[in-house]
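See below for the structure under consideration.
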Amino acid sequence: MSFSIKKQGEVVVVDVEGQLIVGNRQELKQKVLDELEKGEKKFLIDFSQTGYIDSSGLGVLVSLSKKIREQGGELRLANLNDDLQTLFELTKLDTLFQISDTRERALESF
Amino acid sequence: MGEPRVAFDLQIPSEVEYIEGVVELARQRCRELKISPAKCSLNIPVALSEALSNAILRGNEATGGKQVRVRAIISDTDLVFEVVDDGPGFDVDECTRDCTTEENLTKEEGRGLFLMRQLMDRVESFRDKGNVVRLTLHRK
């Protein structure tokens with residue numbers, strides 16, 4: 001499991017490879033907060049290579065969304081597979097986040 | 001009807017780094033049993049991960065040197081996972097919070113038990129040589 005970060009235009013794109021769970025959520029949080037501190041405002045987390053997410057992982061996404069908004073930025077999500085979509089629907093987090101089917105659509109939406 | 005059998009019975013150090021390995025083992029066993037793909041890739045990994053992290057962080061209070069026991073039991077009808085820690089136990093109903101309400105939706109924590117109950121057919125907590133959380137999922 002790992003996170004890779006790259007810049008596409010003005011957007012910081014984070015790929016979550018593997019699981020987003022209690023054991024690695026802090027790593028994701030810190031990486032995104034570091035970028036926020038550098039002045040980045042637009043963030044996209046891409047889940048196309050993600051297995052499963054636990055409640056800690058969901059919690060980190062909620063927390064990051066708040067912190068980014070507080071700094072005047074935006075966080076968007078892309079490429080949830082059917083399982084992850086179900087997870088977001090069960091927790092109603094699909095109503096809290098702007099979620100796109102593809103990375104391209106998400107990038108265009110900023 | 002066959003007798004229920006133990007698919008695995010492990011003692012792991014009470015550290016979150018061990019969760020992913022146990023979950024992967026459970027997924028493998030479930031795939032071998034031809035459990036539906038969604039249950040193998042969503043219900044079981046997430047619910048078991050929640051039960052294990054709850055045992056490690058809350059039951060054992062993230063104290064080094066402790067252990068968590070995890071057993072998988074398979075019958076003709078059900079898959080059962082039991083996660084055992086040294087904590088005092090908890091009331092499942094009292095501790096479950098509806099994380100979908102407007103008030104709770106934006107909170108960082110409080111989705112673990114809710115998810116376990118959404119993704120499993122039954123979630124119980126009881127005392128038996130430690131605090132046992134038992135997750136039951138019907139195979140069909």
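Overview of values
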read-out: Answer from A:ILE45, A:ILE68, A:ILE99, A:ILE53 - the residue that is under 12 Å from the mean Cα position of the chain (by Cα) and free of Cβ contacts under 8 Å to residues at least 24 places away in the same chain; value: A:ILE99
read-out: Unmet criterion (only one of (1) within 14 Å of chain A (Cβ to nearest Cβ); (2) surrounded by fewer than 15 Cβ atoms within 10 Å (Cβ to Cβ); (3) over 14 Å from B:ALA51 (Cβ atoms)) for B:HIS138; value: (1)
read-out: Wholly enclosed strands (runs of 3 or more DSSP E) of the range B:1-87 bearing at least 1 residues surrounded by 21 or more Cβ atoms within 10 Å (Cβ to Cβ) and away from chain A (no Cβ under 12 Å); value: B:67-74, B:78-85
read-out: Residue ID - nearest to A:SER63 (Cα to Cα), chosen from residues in the range B:108-134 that are acidic (Asp, Glu) and in contact with a Ser or Thr (Cβ under 7 Å, 6 or more places away or on another chain); value: B:GLU108
read-out: Any hit, the range B:91-98, residues being without any contact (Cβ under 8 Å) to a residue 12 or more places away in the chain, part of a loop (DSSP other than H, G, I, E, B) and within 14 Å of chain A (Cβ to nearest Cβ); value: no
read-out: Any hit, the range B:103-121, residues being more than 14 Å from every other protein chain (Cβ to nearest Cβ), out of contact with any helix residue (DSSP H, G or I) (no Cβ under 7 Å at 6 or more places or on another chain), farther than 30 Å from A:ILE68 by Cβ and not polar (S, T, N, Q); value: yes
read-out: Residue list for the range B:1-53, filter: under 15 Å from A:ASP54 (Cβ atoms) and more than 11 Å from the chain's Cα centre (by Cα); value: B:VAL16, B:GLU17, B:TYR18, B:GLU20, B:GLY21, B:GLU24, B:ARG27, B:SER41, B:LEU42
read-out: Selection count where residues are under 12 Å from the mean Cα position of the chain (by Cα) and either part of a loop (DSSP other than H, G, I, E, B) or aromatic (Phe, Trp, Tyr) (or both), scope the range A:75-95; value: 2
read-out: Residue in the range A:70-90 that is touching a strand residue (DSSP E or B) at 6+ places or on another chain (Cβ under 6 Å), on the phi > 0 side of the Ramachandran plot and at pLDDT 95 or above present; value: yes
read-out: In the range B:92-121, the residues that are surrounded by 14 or more Cβ atoms within 10 Å (Cβ to Cβ) and in contact with a strand residue (DSSP E or B) (Cβ under 6 Å, 6 or more places away or on another chain); value: B:VAL92, B:MET116, B:ARG117, B:MET120
read-out: Any hit, the range B:60-77, residues being acidic (Asp, Glu), more than 26 Å from A:LEU84 (Cβ to Cβ) and without any contact (Cβ under 8 Å) to a residue 12 or more places away in the chain; value: no
read-out: Candidate set: the range A:1-17, residues that are within 20 Å of A:TYR52 (Cα to Cα), in contact with a helix residue (DSSP H, G or I) (Cβ under 8 Å, 6 or more places away or on another chain) and assigned to a strand (DSSP E or B); chosen: the one modelled with the lowest pLDDT; value: A:PHE3
read-out: Scan of the range A:30-74 for residues that are polar (S, T, N, Q), buried (at least 18 other Cβ atoms within 10 Å of the Cβ) and not in a helix (DSSP H, G or I), ordered by number; value: A:THR50
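Yes/no per residue for (1) over 25 Å from A:GLU89 (Cα atoms); (2) in contact with a Lys or Arg (Cβ under 7 Å, 6 or more places away or on another chain):
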| residue | (1), (2) |
| --- | --- |
| B:VAL83 | yes, no |
| B:CYS95 | no, no |
| B:ASP98 | no, no |
| B:MET120 | no, no |
| B:VAL123 | no, yes |
| B:GLY130 | yes, no |
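The values are calculated or read from the model by the stated rules, or taken from the named source; none is laboratory data. Worth saying up front: this structure is predicted, and the values here are computed from it rather than measured. No Cβ is skipped: glycine too gets one built from the backbone with ideal geometry, and neighbour counts run over all protein chains shown.
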